[in-house]
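Derivation of every value follows stated rules applied to the coordinates shown; laboratory data play no part. As the structure is a computational prediction, the values presented were derived from the model and not from experiment. Note that we place each Cβ from the backbone using ideal geometry, even for glycine, and neighbour counts take in every protein chain shown.
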Amino acid sequence: MLSTKLVEKVLDQLKRRGATQAEVIYSEGTGVSVSCRKGEVDTIENNQDCSLVLTVYKNQAKGSASTAVVDEASVELTMEKALAIASLTEPDEAAGLADKSLLATEFRELGIYYKNNKSADELVDMALAAEQGALDYAAKVAQAITVDESNVEMGEGFSIYANSQGFVGEKQGSNASASVVAIAEQDGMMEREYWWDASRDINQMASMADIGKQAAIRTLERLGSKKIKSTKAPILFDPSCAKSLIGHMLSAISGSALYQEASFLKDNLQQQLFPDWLSIMENPFLPGGFASRNFDGNGVQTRERALIQAGVLNGFLLSVYSARRLGMQTTGNAGGAHNLLVESSQVAKQDLLQQLDTGLLVTSLMGQGVNTVTGDYSRGASGFWVEKGEIQFPVSELTIAGQLKDMYRSVVAIGDDVDRRSKIQTGSWLIESMTIAGD
């Protein structure tokens with residue numbers, strides 16, 4: 001583990017060699033991943049890596065260089081490269097470090113590090129238990145499935161960000177995940193589905209048997225999938241798919257998209273984007289959150305805020321550089337959004353189906369047909385056709401289309417089935433109407 005003293009020494013040397021400003025990012029990580037098939041170990045992978053990235057500024061001319069070998073000779077060579085690149089680069093008036101007054105001074109305990117110290121053999125046992133959970137459920141309902149893969153992994157990482165403004169910040173975190181992919185066949189048609197869980201603490205994940213069971217349930221529910229005629233109808237996005245709708249918004253309000261004028265939301269700051277009963281809170285201090293951090297990639301203090309307040313777009317996601325390009329102030333989002341929590345009057349899942357009445361429940365999305373420059377939305381989808389609030393049959397080979405601004409404005413309700421397995425936490429989203437292309 002690199003010491004803060006060494007980092008400070010590197011910064012001092014860069015300054016002595018002509019850098020007007022400099023920053024250092026050091027990171028290291030370790031991890032183990034195992035996968036099983038047919039009751040046997042398929043792969044066991046161990047990884048251990050580190051990197052050192054040096055960025056120097058010479059009167060707003062920027063140079064960066066990195067190394068994956070952190071010894072005296074490599075650090076020396078990396079410093080020389082960064083300084084040389086800065087000497088050959090044109091000045092950029094937006095380049096440079098954050099103002100000292102913006103740097104983090106508050107460092108909360110975030111609960112993002114756990115000693116995930118299980119052995120590879122223990123991870124294998126977990127993966128086998130997850131596979132068996134899927135097979136046991138299939139046997140219980142007298143259905144045949146094949147487990148394509150059962151995977152369990154864990155890891156941890158440590159990083160330091162420091163700059164010549166005197167800022168030094170450390171972060172240590174851990175992660176763990178497990179997944180099962182299952183396959184079933186009916187009338188010559190194959191269906192493939194999966195289920196997964198993730199946590200900072202491997203001991204807080206769902207039971208492996210339950211993960212396997214959910215993978216089997218989701219796969220068997222897909223059997224007998226049909227096509228439907230093209231139509232317009234309400235669409236209910238399950239939580240995993242609803243998250244992607246927020247993800248498209250995040251891409252459009254990121255600083256780089258905005259200063260490149262490649263965003264359909266570039267002119268929508270402080271304008272109504274969603275219904276007034278919906279807010280999205282950004283909380284970088286959520287205990288155990290997947291995007292919890294005390295400072296961003298520029299060392300800027302993070303803060304809680306309403307990204308969407310009563311349906312109004314309340315802010316962008318800006319780094320120091322993108323903020324300067326836009327003539328604005330950084331929002332502490334170098335590296336992206338922090339934990340996002342959707343706040344609304346939540347509706348029970350069954351009540352959402354009743355409110356949907358007749359339409360499409362989407363449980364899987366495919367393809368990349370989203371244009372964040374125009375907001376046009378078109379993606380492959382599968383799920384279930386619903387009539388009178390009851391699921392009728394699985395459907396596949398569909399395309400759903402709309403315009404993201406229209407979709408956001410026409411959110412009718414949000415479910416209480418909140419998915420907490422990523423930095424975006426939301427329930428299902430019911431959208432009033434979209435175009436469905438089928439047969």
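Each label point is 7 Å from the Cα along the Cα-to-Cβ direction; what then is the distance between the points at GLN13 and ALA139, in nm?
Reported label-point gap for GLN13 and ALA139 is 6.2 nm.
Relative contact order of the chain, please, whole-number percent, based on alpha carbon pairs below 8 angstrom and at least 6 residues apart. Please list the in-between numbers first.
On the way: 1104 pairs, mean separation 64.0, N = 439.
Once normalised by length, the contact order is 15 percent.
Under a point spin-label approximation (7 Å from Cα along Cα-to-Cβ), what is the ASP416-ASP49 distance to one decimal in nm?
4.3 nm
Which lysines, if any, have their Cα less than 19 Å from the Cα of LYS9, not counting same-chain residues under 8 positions apart?
Leaving aside lysines fewer than 8 places away in the same chain, those within reach of LYS9 are LYS58, LYS81.
Given the options THR20, THR363, THR302, which has the most mean-square fluctuation in a GNM of the chain, springs set between C-alpha atoms less than 10 angstrom apart?
Evaluated over the chain, the most mobile residue of the options is THR20.
Within 10 Å of each candidate Cβ there may be at most 13 other Cβ atoms; applying that plus a DSSP loop requirement, which GluC sites (Glu not before Pro) in the range 38-126 survive? List each step's numbers first, then the result.
Values: sites: GLU40, GLU45, GLU72, GLU76, GLU80, GLU93, GLU106, GLU109, GLU122; in loops: GLU93, GLU106, GLU109.
Of the GluC sites (Glu not before Pro), the ones in loops of the range 38-126 whose Cβ has at most 13 other Cβ atoms within 10 Å are GLU93, GLU106, GLU109.
Within straight cross-link reach of LYS15, meaning Cα distance under 13 Å, which aspartates and glutamates are found once same-chain residues fewer than 8 apart are removed?
Cα-Cα hits under 13 Å: GLU23, GLU80.
Give me the number: length gained by fully extending SER3 to ASP71, i.e. 0.36 nm times residue separation minus the C-alpha to C-alpha distance, one decimal in nm.
Details: separation 68, 0.36 × 68 = 24.48 nm, distance 1.25 nm.
Extra length available between SER3 and ASP71 comes to 23.2 nm.
Counting only the backbone N, which residues of the range 192-219 are under 20 Å from the spot 7 Å out from the Cα of GLU387 toward its beta-carbon?
Output list for this probe position: empty.
What number comes out for the charge environment of LEU14, summing +1 per Lys or Arg and -1 per Asp or Glu over other residues with Cβ under 14 Å away?
On the way: positive: LYS9, LYS15, ARG16, ARG17, LYS58, LYS62, LYS81; negative: GLU8, ASP12, GLU23, GLU76, GLU80.
Every neighbour counted, the sum reads +2.
Under a cut-off of 12 Å between alpha-carbon atoms, report the aspartates and glutamates in cross-link reach of LYS171, not counting same-chain residues fewer than 8 places apart.
Here the aspartates and glutamates satisfying the reach criterion relative to LYS171 are GLU28, GLU109, GLU156, ASP296.
Using R₀ = 25 Å, calculate the FRET efficiency as 1/(1 + (r/R₀)^6) where r is the Cβ-Cβ separation of GLU304 and ARG409; round to 0.05. Write out the running numbers ahead of the final one.
Values: r = 26 Å, r/R0 = 1.04.
The pair GLU304/ARG409 has a calculated efficiency of 0.45.
List, in the order given, every pair from LYS243/LYS349; LYS38/LYS115; LYS232/LYS349 whose Cα-Cα distance in the structure shown is over 19 Å. Kindly include the intermediate steps, with their values, before the conclusion.
Numbers: LYS243/LYS349 16 Å; LYS38/LYS115 30 Å; LYS232/LYS349 22 Å.
Checking Cα-Cα distances, LYS38/LYS115; LYS232/LYS349 exceed 19 Å.
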